1. Under the definition of partner shielding as Cβ atoms of other protein chains within 10 Å of a residue Cβ, what is the mean value for peptide B:236-242?
2. To the nearest 20 Debye, how big is the dipole of region B:22-168 about its Cα centre, given +1 on the beta carbon of each Lys and Arg and -1 on that of each Asp and Glu?
3. Check which residues have an amide H placed less than 5 Å from residue A:403's amide H, if you skip close sequence neighbours.
4. How big is the equivalent ellipsoid of region B:1-118 along its three axes, where each semi-axis is √(5λ) from the Cα gyration tensor, reported in whole Å from largest to smallest?
5. Can you work out the Karplus-derived ³J(HN,Hα) for every residue in region B:19-24? Use 6.51 cos²θ - 1.76 cosθ + 1.60 with θ = phi - 60°, whole Hz, and x for glycine or proline.
6. What's the angle, to the nearest 10 degrees (0 to 90), between helix B:97-111's Cα axis and the longest principal axis of chain B?
7. What percent antiparallel are the DSSP beta bridges of region B:2-249, to the nearest 5?
8. Convert each backbone phi in region A:295-308 into a coupling constant with the Karplus relation 6.51 cos²θ - 1.76 cosθ + 1.60 (shift: θ = phi - 60°), then list the ³J(HN,Hα) values in order as whole Hz, x for Gly and Pro.
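Each reported figure results from applying straightforward, stated rules to the coordinates on display, with no laboratory input. Only a predicted model underlies this, so the values are computations on that prediction, with no experimental measurement involved. Here the Cβ positions follow ideal geometry from the backbone for every residue, glycine too, while neighbour counts run over all protein chains shown.
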Amino acid sequence: MPAVQETVERVKRIDVDQYRYGFETLIESDKAPKGLSEETVKFISEKKNEPAWMLQWRLEAYRRWLTMTEPTWARVDYPKIDFQDLYYYAAPKPKKTVTSLDEIDPEILKTYEKLGIPLREVAMLEGVEPKPGEEDPARRKIAVDAVFDSVSVATTFKAELKKAGVIFMPISEAIREHPELVQKYLGSVVPTSDNFYATLNSAVFSDGSFVYVPPGVRCPMELSTYFRINERNTGQFERTLIIADKGSYVSYLEGCTAPQRDENQLHAAVVELVAHDDAEIKYSTVQNWYPGNSEGKGGIYNFVTKRGDCRGNNSKISWTQVETGSAITWKYPSCILRGDNSRGEFYSIAISNGFQQVDSGTKMIHLGKNTSSRIISKGIAAGKSQNTYRGLVTAHRKATGARNFTACDSLLIGDKCGAHTVPYIEAKNSSATFEHEATTSKISEDVLFYCIQRGLSQEEAVGLVVNGFVKDVLQQLPMEFAVEAQKLISISLEGSVG
Amino acid sequence: MALLEVKDLKVRVEEREILHGLTLTVNEGEVHAIMGPNGSGKSTLSHVIAGKPGYEVTDGQILFKGEDLLEMDPNERAAKGVFLAFQYPVEIPGVATMTFLRTALNAQRKARGESEYSTPDFLRKVREVSKSLNIPQDMLKRGVNVGFSGGEKKRNEVLQMALFEPSLCILDEMDSGLDIDALRIAADGVNALRSPKRAMVVITHYQRLLNYIVPDVVHVMSKGRVVKSGGKELALELEASGYAQFEDAA
């Protein structure tokens, strides 16, 4: 409740052109030559001091990618990307091996400071009331694995995690230090041949996070990564792999902001989650990349493949996302419900304003017995944007007792935007129970006037009504993120009315 | 002192003139009732004073505390002390009533350059006011007006009136949809807010409401004008003889 208040207070009249996080850090960077070839792939692998098997894996992906074509089924429209006109690797030039935060370029630290990222200290939020049964958030910790452009520059809380046996490190390090785990799981959820962008990522991924939680361990803190795209024309190819072994639990937060750019930037990340028997993974994202200016110029192209595999019985994977940025979003965090009694969840808020195009949703693939899934999607379209929910719920022949509940609500602000719902439902056995609800509504003039008559400005009124609309999903976010997300929602809808 | 002065007001909605030169003066501390048949322009008047979009003022002016009200945005008017109790209060799903009250109150205070309420101060104030109106705390936790009965919705309007302490309250058909008990509770709430510094404009079809909220002045509207004004006995007269007698006068 106080957070909504805070949101409203923080809404300031800013133009989309004055994108809050649109600053640029002046540091030298170490770039791969422009364009994509076997040489680029080798360059990246060499930069990372990778073992031979990793290079081989990348090259196989690259060769496959050459035979693939870009998918065109999404409801998004953009000029053709020239993949030879991009850089595939950029790293801040390291002076020497970094062992502590003090050694990191102060320019980089300053960037994080502007973003309000608690790199140095335990993140504590003032005045946040803990949910009943939860511990005091002031005492909750967040470990931040900061990804600056393509190289992870700092990892905090390593020691405490180590004590619990949790491995949390840049994936480039994991490839060297835990090759047996990486080789076993990398590409096991999203194969290198999966789709055009996932294959591209497999060839050229630069860095990302690696998490392994051993059997029976409840990860002692929220794990968090902040992404930032900084180098002009640098495609960002994050690769994240999270494994929750039997009976373990981990909550992972991912937040993104990017500086303002004139040229479009490509981002094609791959996230793979594996949950073994009785394990649970909670993956939350707040995405706020540069959406382009008020004429629709610039902005990030976000083509992401996120998939979780509930490999073990009674496992659970939950995706929560707040998507406010990017010029184009193409993203379907999915769950493969392989283990019996496994459960998948997808909670999503997708906001589009200006000329943004969002095509997002989820896939729930029921393979095991008595598997269940839940999809709550809230799409908000404003300005001249197009917002599509695309979802697939499918039950395999052997997935007896599969259950799904889907609710897709769309809210339109103004009359130049569009909201679309494209659900695909396949039940291959008669015992599956699938429910689907969908609503589309316009933000009502009467509701806005009521709020304004009580003293709220037009934008505060929209922020309040929208925060009410998305409440069910916001509640799924960890407390720290929920506050941040509420602010974002109001900010991203500025200038959407009157 | 005149709090609200409406002078020769002409208002159009989509090319059709609804108010044809309406004049009305309301002084501090007074309660005015505006009565009239459907389509006489009562609700239009309340909407124009509050600043609802969709109405075009073609002539005349509205002064509030001597200032030109029509130059102000609707939220500025609210901060200056204009409150409209809606005939049909809207529902806002997902926004707790308590959050809404606090957001609105602080927005008004901020606009007036006053400090915002702290959480404990605000809670104390809400508890105090809601108790006097018999509003259970549970209702404040629910979404604004979501699943409220007609009576609860109107009590929620009165609660806001009491919290925001406006100097002008316009009650648009407060009696619609209320049974006699709910009406009495709401009216008691309104009466408790009568003060020498505050004026009220009560818009209604029926004399019944005026048994509970007794006005100082009664105006009869017909076809977009005030056709007759008088004391509270005018309402009784209307009840007996109907509006037909005024149709020609307009």
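1. Averaged over the peptide's residues, the number is 0.
2. 680 debye
3. A:371, A:372, A:373, A:433
4. Value: 27, 18, 14 Å, ordered largest first.
5. 9, 10, x, 9, 10, 7
6. That helix lies at roughly 70 degrees to the long axis.
7. 60 percent
8. 9, x, 8, x, x, 8, 9, 10, 10, 10, 10, 10, 8, x
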